[in-house]
Amino acid sequence: MRLLPPCTPKFATRRRPERETFGLEVIAAGVALGQPFMPWQRDAAMLGGEIDQETGLPAYRELVITVPRQQGKTVLHVSFQGQRCTSPRWAQPQRSAFTAQSGKDARDKWLDEIFPLLRRSKKIRPLIRRIYEGMGNEYVAFRNGSLIRLLSTSTSSGHSKTLHQAVLDEIWHDADWRREQGLRPAMLTVADAQLLSCSTAGTAASVVLNRKVEAGRKAVAADTGRGIAYIEYSAPDGWDPDDEGSYFGFMPALCPAPPCRCGDGKWRHTVTLDVIRSERASMEPAEFARAYGNVPDKSGEGNRSPFDVALWRSARTRSRGWLAGWHWVSRCARTCRRRRSRSAGAGWMGWVTGSWLITARARGGWWAGWWSWRPGGIRV
């Protein structure tokens, strides 16, 4: 019988056992939800819950977790939110927010998965005053005054609200920072606030996740014990997807011997090798590697549009009208040069039927973007 590799993170912030942690409370929340934690989830909870001995505040303002698909991210972040809203540790009623790649995705996830999970819990349900499912105003109100609210992905979604905790789910979809920009201002004055980012690997267009992965790996190397806590389970460099035995080294929810008895009845793995085989047979190789190897898909990087919508928004804050559009084209041209495109820098605009047609030449071809005077008019 082949000896399977141990499942360990490729990168992870070092746990400091001497520190107090509210991770045990997060683990208890998972049990209360009927979803006892797997070992990797326990490790993540204990790390994310560490308390700074000098300040008495959470040691990590941000917790970034990236793992393959279907490894238990949802249960983990819901348990963090449940702990935040029910624990007597916190001095006042807490405000927690959940966001996904779109408002519809957030709503679907909570209606289909999380609201039923909360309703079935014999321990958490009595602590809830109301679960409201009204379109655009979904929330969970607790009897102690705490609240979990679903928010949209706009830059103003969290403004005017004080937040003690926010969850950014599947941030690999984010091509700009609008979602996070809508949440961080509401957390600035909250000393013990925490931001949880959970995602599977993305693509070359996953601007937010790629930056967080880079920052997280640097934080692991710096080992300061503050700021960002980072956990990454992903396939090793040079990974061969034909080597099914290697899956057990980076898929922490994969059971080696189903039906699962690994946790002696206290917990169980949630994925089997047969399921992974089925997924692989139905997916393109690059997408399988992204989803289940947690390896970024950079296959489309060379064909990515040079237009940077984030540059457009920054230009629009400093200029108006055609000046803003021209400033945007100029900055896009400089971006193309930095990406070593073969021919970049040419650009022009034309007024056509109430909109600006903006073009730029890059990588041997022309790219066009429309900008209208109407809000959100830019199209690439």
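Got a sec? Which helices (runs of 4 or more DSSP H) wholly within segment 1-114 have at least 3 residues that are among the charged types (D, E, K, R) and closer than 26 Å to Ser234 by Cα? Helices (runs of 4 or more DSSP H) meeting the threshold: none at all.
On the stretch given as segment 79-113, residues that are touching a helix residue (DSSP H, G or I) at 6+ places or on another chain (Cβ under 9 Å) and surrounded by fewer than 23 Cβ atoms within 10 Å (Cβ to Cβ) total 10.
When each of Leu118, Leu195 is tested for being in a strand (DSSP E or B) and either surrounded by 14 or more Cβ atoms within 10 Å (Cβ to Cβ) or not assigned by TED's automatic domain parsing to the domain that holds Ile65 (or both), the lone residue that passes is Leu195.
When segment 198-242 is examined, which residues are found to be in contact with a Lys or Arg (Cβ under 6 Å, 6 or more places away or on another chain), buried (at least 21 other Cβ atoms within 10 Å of the Cβ) and among the hydrophobic types (A, V, I, L, M, F, W, C)? Within segment 198-242, Cys198, Ala201 meet the criteria. With the structure loaded, tell me whether Phe98 is closer than 18 Å to Leu150 by Cβ, in contact with a Lys or Arg (Cβ under 9 Å, 6 or more places away or on another chain) and at pLDDT 90 or above or whether it fails that test. So Phe98 fits the description; yes. Checking each residue in segment 202-224 for being modelled with pLDDT under 95 and part of a loop (DSSP other than H, G, I, E, B) picks out Gly202, Ala204, Ala205, Ser206.
Residues in segment 121-133 that are assigned to a strand (DSSP E or B) and under 26 Å from Gly48 (Cα atoms): Ile128 alone. Every listed requirement among (1) at pLDDT 95 or above; (2) surrounded by fewer than 21 Cβ atoms within 10 Å (Cβ to Cβ) is met by Asp176 save one, (1). Picking from residues in segment 134-154 that are in a loop (DSSP other than H, G, I, E, B) and without any contact (Cβ under 8 Å) to a residue 12 or more places away in the chain, the one that is nearest to the chain's Cα centre (by Cα) is Asn137.
With respect to (1) surrounded by fewer than 16 Cβ atoms within 10 Å (Cβ to Cβ); (2) without any contact (Cβ under 8 Å) to a residue 24 or more places away in the chain; (3) at negative phi, the lone exception for Gly263 is condition (2). Picking from residues in segment 280-302 that are without any contact (Cβ under 8 Å) to a residue 24 or more places away in the chain and among the acidic types (Asp, Glu), the one that is nearest to Arg69 (Cα to Cα) is Glu287.
The values are calculated or read from the model by the stated rules, or taken from the named source; none is laboratory data. Being a predicted model, the structure only gives us computed values, none of them experimental. Positions of Cβ are backbone-derived with ideal geometry, glycine not excepted, and every protein chain shown enters the neighbour counts.
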